[in-house]
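See structure below.
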Amino acid sequence: NAGVTQTPKFQVLKTGQSMTLQCAQDMNHEYMSWYRQDPGMGLRLIHYSVGAGITDQGEVPNGYNVSRSTTEDFPLRLLSAAPSQTSVYFCASSPETSGNYEQYFGPGTRLTVT
Amino acid sequence: GQSLEQPSEVTAVEGAIVQINCTYQTSGFYGLSWYQQHDGGAPTFLSYNALDGLEETGRFSSFLSRSDSYGYLLLQELQMKDSASYFCAGETGANNLFFGTGTRLTVIP
């Protein structure tokens, strides 16, 4: 199993551009989530999904959209990038339909918005 | 609101025992998880306490006291590779997981 994969690993955007961060898992996990991590800080939940077709907002959802058309994929869309969205983005999945069990994290996408 | 407080840094000697504390203020709290993150890497799951008491997994143990809104991670027989950041995380209702700001552990020879 590849586990949780994320692409790209690095990305530089200009203010106002849009893009999609890709996340895929091959473990047939129902629960998937997106976090951002700013320097010296913990992770903050952006959006999560408890199954295909079901998504919900986390702590910091503004400026981001998600969809879950398949169990495997959970892309994160930045609608109009802002410098405040410069961060490291992690995607995670879990076999439980809840966030507070073992979550498997992808390697992260390091995003810089200029 | 939801907040989880951890010490920002801890230093310990190789072979020793270290405890990393986590105090929280959350509403509708469901349990406490712990994650390890090496510099430049992804978080990896260490443990989860759904109930009060001690959970042991090899050299790592985690403790939860709901009445005190307090938990800790205990690392025994410290190794150099244990140098990393450690995060506690708590879940309120509706699958919302909140992470603490992390404790940077430095293991010295």
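FYI, it's all coordinate maths here, none of it is from the lab. Here the structure is a predicted model, which means the values were calculated and not measured. Cβ coordinates were reconstructed from backbone atoms using ideal geometry, including for glycine residues, and neighbour counts include every protein chain displayed.
For B:ILE17, the shell of other residues with beta-carbons less than 14 Å away shows a net charge of -3, using +1 for Lys and Arg and -1 for Asp and Glu.
Once you reduce the stretch B:55-105 and the stretch A:57-114 to the center of their Cα atoms, the two points are 22 Å from each other.
What's the local net charge at B:LEU105, with K and R +1, D and E -1, over the other residues with C-beta under 10 Å away? Charge balance near B:LEU105 sits at -1.
A Gaussian network model of chain A, with springs between Cα atoms under 10 Å, assigns the largest mean-square fluctuation among A:GLY42, A:GLY58, A:GLY16 to A:GLY42.
Averaged over peptide B:41-52, the number of partner chain Cβ atoms lying within 10 Å of each residue's Cβ comes to 4.
Starting from the 7 Å offset along Cα-to-Cβ, what nm value, one decimal, do you get for the label separation of A:MET41 and B:THR11? Taking the two extended label points, one gets 2.8 nm. All other residues with a Cβ under 15 Å from the Cβ of A:THR7 taken together, and with Lys, Arg as +1 and Asp, Glu as -1, what is their net charge? Charge balance in the 15 Å sphere: 0. Farthest towards the positive end of the charge dipole of the stretch B:33-109, among the residues B:SER67, B:PHE87, B:GLY41, is the Cα of B:GLY41, using unit charges on the Cβ of Lys, Arg, Asp and Glu. The magnitude of the dipole of the stretch B:24-101, with charges of +1 and -1 set on the Cβ of Lys/Arg and Asp/Glu and taken from the Cα centre, is near 100 debye.
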